[in-house]
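Visitor: Have a look at this one.
Please treat every number below as a calculation from the coordinates, not as lab data. Only a predicted model underlies this, so the values are computations on that prediction, with no experimental measurement involved. Positions of Cβ are generated from backbone atoms using ideal geometry, with glycine treated the same way; all protein chains shown enter the neighbour counts.
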Amino acid sequence: MDPNTSKPVLLIALGGNALIQKGQEGSITEQFENLRVPGQQIARLSAEYRIIITHGNGPQVGNLLLQQECCDAVPKLPLEILVAQTEGQIGYMIESTLDQELMALGIDERPLVTLITYVVVDRNDPAFRNPTKPIGPAFPPEKARSLPYPTVATPKGHRRVVASPRPVTIVERREIQRLIDMDFIVICCGGGGIPVIREGRAFNGVDAVIDKDLASVRLAREVGVDIFMIVTDVDGAQIDFGTEKARRLNRLTVKEAARYLAAGHFPEGSMGPKVAAAAEFVRAGGRRAVITSLEKIEAAVSDPSVGTQFTP
Ligand code: ADP
Ligand code: MG
């Protein structure tokens, strides 16, 4: 296939709702059904854009962690292996959905690839001294004391807690670059990627999780994408969220984003990393970043009144 570097690059970071909507059980049938919404839009957009897709893995890795607790007949798997498993499982589901949607458009030869992705983290990242990210099932306090890993009290019960270090670099950035230059649709950085630390010549996986929005902006900067889009279950960032005064911000400068973040409008662990990631992208020279909802992926590309659009 001819290199097609004339098409701009669109990176789409899919939130958890692309696979499981609020209130659903999360069966595989539901997940495939949900994926049709982004799948149809991305298939159409792929005519005009080179495409990179990243995605979260919270509920999927949560289920695998629960399975670890339920079975003693086989050895327990470390978190890095479970993240790798979700990259495979979700990548497969996105690929097969996109494949179908591309065929429905009469496009039979667009290549797709899912890449197991390593993301380097810093062993001195302060997050390792103060793990804050709860993962997996909730346990009663008596059970939590006997577990072989640290836990934290949450409203649901005691949950395993791991560090959420900042992504330093995407190990496969060159592979991803070359694949999109050949017009492959690349699915990568699933669940924020497998966190690794360089030890000598080796990369070793660590028990941690990387925020998928922060991993996605790292990749967007390293590959040099034209549009960085974060897709979730609300059409953009709101100020005074959850109150009567709530209002979606349509245009946001880097300065305004910093001011609203500091004022506490965008909480850690939900809208906070999305606004921080989008603002970082344009601050570093990126052309356009957008936060929007799953239904509006296509609209947000062409209509600047959709979502929250970040400008320098
Ligand atoms: P994802 O799985 O897409 O990463 P998250 O649940 O982490 O989704 O983040 C999206 C959620 O953030 C929304 O469903 C909304 O409830 C919440 N949220 C918190 N603060 C805001 C805000 N200021 N504006 C919009 N949504 C917000
Ligand atoms: Mg999230």
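Visitor: Can you give the extra length, in nm with one decimal, that the chain gains between T311 and D108 once fully stretched, where that is 0.36 nm per residue apart less the Cα-Cα distance?
Guide: Full extension of this stretch gives 69.4 nm more.
Visitor: Round to the nearest 0.05 the FRET efficiency obtained for R283 and L66 when R0 = 35 Å and r is the Cβ-Cβ distance. Mind dumping the intermediate values first?
Guide: On the way: r = 39 Å, r/R0 = 1.12.
About 0.35, to the nearest 0.05.
Visitor: What would the Debye equation give as log₁₀ I(q)/I(0) for the chain at q = 0.08, 0.13, 0.16 Å⁻¹, counting only Cα atoms as equal point scatterers?
Guide: -0.35, -0.96, -1.44
Visitor: State the extension gain, in nm to one decimal, for the chain segment bounded by T169 and Q100, taking 0.36 nm per residue of separation less the distance between their alpha-carbons. Don't jump to the answer; show the numbers that get you there.
Guide: Values: separation 69, 0.36 × 69 = 24.84 nm, distance 3.26 nm.
Once the chain is fully extended between T169 and Q100, it gains 21.6 nm.
Visitor: Let me ask you something else. Quote to one decimal, in nm, the extra length available between E244 and T132 on full extension: 0.36 nm per residue of separation minus the C-alpha distance between them.
Guide: Values: separation 112, 0.36 × 112 = 40.32 nm, distance 3.07 nm.
Fully extending the segment from E244 to T132 adds 37.3 nm.
Visitor: If each residue's Cβ is checked for other Cβ atoms within 10 Å, how do D211, D72, D183 rank with the fewest at the top? Spell out each step's value before the answer.
Guide: Details: D211 23, D72 8, D183 19.
Going from least to most buried by this count: D72, D183, D211.
Visitor: Okay, next question. By count of other Cβ within 10 Å, fewest leading, how are M103, M93, M182 ordered? Before the final figure, lay out each step's value.
Guide: Details: M103 12, M93 22, M182 15.
Lowest count first: M103, M182, M93.
Visitor: Turning to a different aspect of this structure: Rounded to the nearest 0.05, what FRET efficiency is calculated for D181 and D207 with R0 set to 45 Å and r the Cβ-Cβ distance?
Guide: Details: r = 35 Å, r/R0 = 0.77.
In this case the efficiency is close to 0.80.
Visitor: Right, something else. Can you tell me which lysines have their Cα less than 25 Å from the Cα of K255? Leave out same-chain residues fewer than eight positions away.
Guide: K212, K245, K274
Visitor: Still on this model: For every helix of n ≥ 4 consecutive DSSP H residues, a contribution of -39,500 (n - 2.57) applies; sum these over the chain, divide by its total residues, and give [θ] at 222 nm rounded to the nearest 500 deg cm²/dmol. Display every interim value, and only then the final one.
Guide: Details: 9 runs with 111 residues, N = 312.
Taken over the chain, the calculation gives -11000 deg cm²/dmol.
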